[in-house]
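Novice: Quick one: the structure is below, questions incoming.
The values are calculated or read from the model by the stated rules, or taken from the named source; none is laboratory data. Owing to the predicted nature of the structure, the values given are computational and were not obtained by experimental measurement. Cβ sites come from the backbone with ideal geometry, for glycine too, and all protein chains shown count toward neighbours.
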Amino acid sequence: MLTTLVGLSAPSMAAAQERCPDAEARVRFIREHLQRDAANARTWSLGWGLTSVAVAGGSFTFAAFESDAHSRTSDYIWGGVSLLPAAILLLFPLRVMRDARALDATAPADCAALAHAEELLERDAEQEAAGIAWYSHALVIGFNVGLGATLGYALDDWGNNALSAGIGIALSEAQILTQPTGALRARDAYHAGAFAEWHLVPLVLPHARGLAVAARF
């Protein structure tokens with residue numbers, strides 16, 4: 001059972017500290033890393049959302065001035081497909097952008113806060129891992145190749161659709177490869193104990209005086 005440290009007696013506080021040691025350092029580590037990752041995620045989402053809209057606008061513009069009916073149809077379809085990344089970013093955003101705000105810096109770093117922070121870190125890391133996994137690459141490549149082949153066959157316009165499929169693959173791969181992975185790296189570092197705090201402490205020995213570096217895990 002999780003118990004806060006507020007209002008506990010000295011023995012109870014010691015017992016609680018044993019159940020969740022270094023809660024303050026751990027929560028601070030998670031909060032700071034998620035906040036940095038959230039800032040990167042917002043920039044990435046905005047940048048690729050605008051890129052998606054710009055590519056779609058270009059396709060629609062080409063379609064409007066295209067004299068060949070088959071090429072015009074292809075351009076309109078690819079323009080609509082180009083809006084999918086923006087829609088996905090809007091409907092399924094990276095959770096870290098919201099979760100970073102959920103970690104209140106003024107809240108006490110007790111056992112409950114640590115459990116909550118660890119839960120957010122874990123789910124944000126899992127989402128980022130899924131976004132760059134092999135099946136994400138396979139999905140976007142397969143979709144673009146499949147759509148290009150289908151339109152090329154149906155409209156007898158292989159050149160235009162092969163080019164559009166190639167552009168779609170390149171942009172999709174670039175989006176995946178630039179996706180922020182701060183939460184994923186932070187989780188690995190956290191499990192490796194990188195939340196340790198380093199301090200300078202006085203060193204007093206019978207025949208020596210000075211400072212020593214100490215780490216608290």
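Novice: Just checking, which of 45, 67 is at negative phi, polar (S, T, N, Q) and in a helix (DSSP H, G or I)?
Specialist: 45
Novice: If you don't mind, another one. Is it true that residue 89 is touching a helix residue (DSSP H, G or I) at 6+ places or on another chain (Cβ under 7 Å), within 17 Å of residue 40 (Cβ to Cβ) and in a helix (DSSP H, G or I)?
Specialist: yes
Listed here are the residues, each with its yes/no results for (1) closer than 18 Å to residue 30 by Cα; (2) of a type in the set (Phe, Trp, Tyr); (3) assigned to a helix (DSSP H, G or I).
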site	(1), (2), (3)
85	no, no, yes
93	no, no, no
114	yes, no, yes
141	no, no, yes
154	no, no, yes
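Novice: Another question, then. Looking only at region 169-194, count how many residues are in a loop (DSSP other than H, G, I, E, B) and touching a Phe, Trp or Tyr at 6+ places or on another chain (Cβ under 7 Å).
Specialist: 4
Novice: Counting only residues that are touching a Leu at 6+ places or on another chain (Cβ under 8 Å) and not β-branched (Val, Ile, Thr), how many does region 132-163 have?
Specialist: 2
Novice: If residue 108 meets every condition in (1) surrounded by 19 or more Cβ atoms within 10 Å (Cβ to Cβ); (2) touching a residue at least 40 places away in the same chain (Cβ under 8 Å) apart from one, which number is that one?
Specialist: That leaves (1) as the condition not met.
Novice: Residues to consider are 51, 43; find the one that is out of contact with any strand residue (DSSP E or B) (no Cβ under 6 Å at 6 or more places or on another chain), free of Cβ contacts under 8 Å to residues at least 40 places away in the same chain and of a type in the set (S, T, N, Q).
Specialist: None of the other options fit; the residue is 43.
Novice: Listed residues 152, 166, 131; which is touching a Phe, Trp or Tyr at 6+ places or on another chain (Cβ under 7 Å) and at pLDDT 95 or above?
Specialist: Testing whether each residue is touching a Phe, Trp or Tyr at 6+ places or on another chain (Cβ under 7 Å) and at pLDDT 95 or above leaves just 152.
Novice: Restricted to region 7-38, and to residues that are modelled with pLDDT under 90 and among the polar types (S, T, N, Q), which residue is farthest from residue 189 (Cα to Cα)?
Specialist: Residue satisfying both the conditions and the ranking: 9.
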